[in-house]
Amino acid sequence: MYYDYVVVGGGAGGLELVSRLGRHFGREGHDKVLLIDKSSYHIWKPTLHEVAVGTLNPQQEGLSYSILARSNHFSFACGQLLDFDPENKSLTLEAVFDDENEAAIIPERNIRFGQCVLAIGSGSNFFNTPGAAEHAYVLEHSLDAVDFQQHLLNLFSKAAYGDNKNLDVVIVGAGATGVELAAEMLEAYHEILPIFGSSQKFDIHISLIESAPRILAGLPERISVQAAQALRAKSVSIYESHRAVEVGTDFVLMADKLRPDAEPQRIHADVVVWAAGIKAAESNADYGLPVNRLNQFEVDTHLQTPFAGVYALGDCAACPWHDDKILPARAQVAHQQASYLADKWWHEYKQRPFTQSFVYKDYGSLVSLGNNQGVGNLMGSLSGGNFFIEGLIAKWMYMSLHLKHHAAILGYWKTGLLAIARLAQSRVSGRLKLH
Ligand SMILES: Cc1cc2nc3c(=O)[nH]c(=O)nc-3n(C[C@H](O)[C@H](O)[C@H](O)COP(=O)(O)OP(=O)(O)OC[C@H]3O[C@@H](n4cnc5c(N)ncnc54)[C@H](O)[C@@H]3O)c2cc1C
């Protein structure tokens with residue numbers, strides 16, 4: 001099999017790239033552009049915390065790669081990357097097995113390419129914390145989120161029918177993922193409470209552990225302060241400058257970084273979610289491409305690896321930024337890199353010069369704090385400066401980012417229709433997925 005353009009990973013960046021390229025080529029695109037993903041459907045990763053608590057239904061939200069391939073004129077191959085040969089411009093995909101893992105539905109495949117971009121995202125960084133990988137839940141993939149939601153529903157029932165009528169949740173890491181998960185979980189709790197009636201009423205207590213001196217440490221301080229106030233008002237306990245040093249079946253041990261001589265403190269946890277940082281897959285180091293200590297592929301400012309025609313973007317790429325830093329792992333970065341590469345490849349195909357480097361424009365950050373509440377800042381050309389927003393407007397702008405991603409892969413008309421259909425569905429079934 002040979003394709004001119006192969007994109008491995010159909011996430012926030014990869015899917016937007018193939019959709020744009022395929023639409024440029026029209027029907028010809030099916031023979032030129034190939035998307036590879038280990039999953040058969042796409043969910044925008046920044047919404048995984050909503051899937052995890054059941055306020056977003058993955059069966060409705062998931063977009064089938066095959067359907068997107070048909071309408072956007074690219075081909076799709078389902079499979080996990082097994083081997084990558086940058087010198088010979090080829091890769092191998094693992095066989096795909098049936099549900100029982102017995103019979104191969106699709107055999108192992110070798111695919112040759114003209115140009116390829118690796119856009120396979122990242123996973124969790126446990127920082128070698130004992131017990132974290134074994135006992136904590138993560139939100140790396142939609143299946144993790146679905147798994148967690150099932151567990152959370154069980155925990156809600158257990159707390160409602162248990163003796164102490166209490167549910168202790170510990171979230172390690174108070175970046176956007178941890179903060180948004182805490183807020184969304186409280187929404188789910190308030191939605192589910194009436195189902196149990198007053199005799200089964202239970203309390204939820206969420207603790208957020210953050211090793212930096214403030215939550216949302218990567219964002220402007222004003223956003224952190226506002227978000228911390230909103231969470232504390234909802235009785236979330238925030239432990240700043242604290243590092244989780246061990247995770248057990250029903251506890252987290254945390255050390256106070258400001259009091260290094262003090263004994264680590266043990267807090268009870270019915271469930272632990274690890275959202276403390278990202279690390280790309282260990283297997284990235286086996287593909288013959290240079291990687292950094294987080295297993296991210298090292299690329300230049302054209303997103304190219306040292307091998308001609310081999311690129312990387314999004315969370316799995318270490319792309320130079322300013323002051324020796326690399327670009328942050330954010331959907332905004334993946335989105336802009338996808339647009340850049342689509343333009344670059346299209347210009348080169350048309351034999352038009354394209355020499356500019358990728359330049360990241362930070363348009364600001366938005367954090368959801370639950371129903372009708374958000375906080376963030378808008379920067380640069382969107383606002384003509386650095387502009388702080390909060391409340392309902394911030395929440396709406398936050399939701400519009402998801403719609404924007406859908407518009408990039410479905411077009412505005414279908415995105416609008418889908419949004420109306422989902423609104424209607426939530427009016428009928430309620431906001432929370434309960435099964
Ligand atoms: C809960 C949560 C909330 C977040 N909130 C925000 C936010 O508010 N704002 C923000 O900017 N960012 C946010 N992020 C980060 C953001 O989601 C990522 O930066 C972004 O998704 C990265 O895009 P990507 O294309 O690099 O990778 P991804 O979107 O992760 O996509 C990677 C794709 O590659 C596929 N894949 C992986 N490995 C293989 C393999 N070996 N073979 C084949 N396919 C493979 C996966 O199935 C997936 O489809 C959040 C992340 C999480 C988890």
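The values are calculated or read from the model by the stated rules, or taken from the named source; none is laboratory data. Since the model is a prediction, treat every value here as computed from it, not as a measurement. Note: ideal-geometry Cβ built from the backbone for every residue, glycine included; neighbour counts use all protein chains shown.
Considering the stretch 97-121, the residues that are touching a Gly at 6+ places or on another chain (Cβ under 8 Å) and not aliphatic (A, V, I, L, M) include one that is nearest to Val273 (Cα to Cα), namely Gly121. You will find that of Arg330, Arg266, the residue that is at pLDDT 95 or above, of a type in the set (Lys, Arg) and either assigned by TED's automatic domain parsing to the domain that holds His141 or within 15 Å of the ligand (Cβ to nearest atom) (or both) is Arg266 and no other.
Whether a residue is away from the ligand (no atom under 14 Å from the Cβ), surrounded by fewer than 20 Cβ atoms within 10 Å (Cβ to Cβ), of a type in the set (Gly, Ala, Ser) and under 30 Å from Phe307 (Cα atoms) was assessed, and Gly29 does not pass this test. At least 3 residues being modelled with pLDDT of 95 or more is the threshold, and among the helices (runs of 4 or more DSSP H) wholly inside the stretch 39-128 those reaching it are 65-72. Can you find, within the stretch 285-344, the residue that is farthest from Phe25 (Cα to Cα) among those that are in contact with a Pro (Cβ under 6 Å, 6 or more places away or on another chain) and outside any loop (DSSP other than H, G, I, E, B)? Filtering the stretch 285-344 for residues that are in contact with a Pro (Cβ under 6 Å, 6 or more places away or on another chain) and outside any loop (DSSP other than H, G, I, E, B), the one farthest from Phe25 (Cα to Cα) comes out as Glu298. Just one residue in the set Ala244, Ala227 is of a type in the set (A, V, I, L, M, F, W, C), assigned to a helix (DSSP H, G or I) and surrounded by 14 or more Cβ atoms within 10 Å (Cβ to Cβ); that residue is Ala227. With the structure loaded, tell me whether Leu93 is touching a residue at least 24 places away in the same chain (Cβ under 8 Å) and in contact with a Gly (Cβ under 6 Å, 6 or more places away or on another chain) or whether it fails that test. In short, yes. Contact map, the stretch 410-432: residues that are farther than 22 Å from Ile195 by Cβ paired with residues that are basic (Lys, Arg) and surrounded by 12 or more Cβ atoms within 10 Å (Cβ to Cβ), Cβ distance under 9 Å, separation 6+ or inter-chain. Pairs shown: Gly411/Arg23; Thr415/Lys404. Restricting to the stretch 365-380, and then to whatever is buried (at least 21 other Cβ atoms within 10 Å of the Cβ) and of a type in the set (Gly, Ala, Ser), can you tell me which residue is nearest to the ligand (Cβ to nearest atom)? So the residue we want is Ser368.
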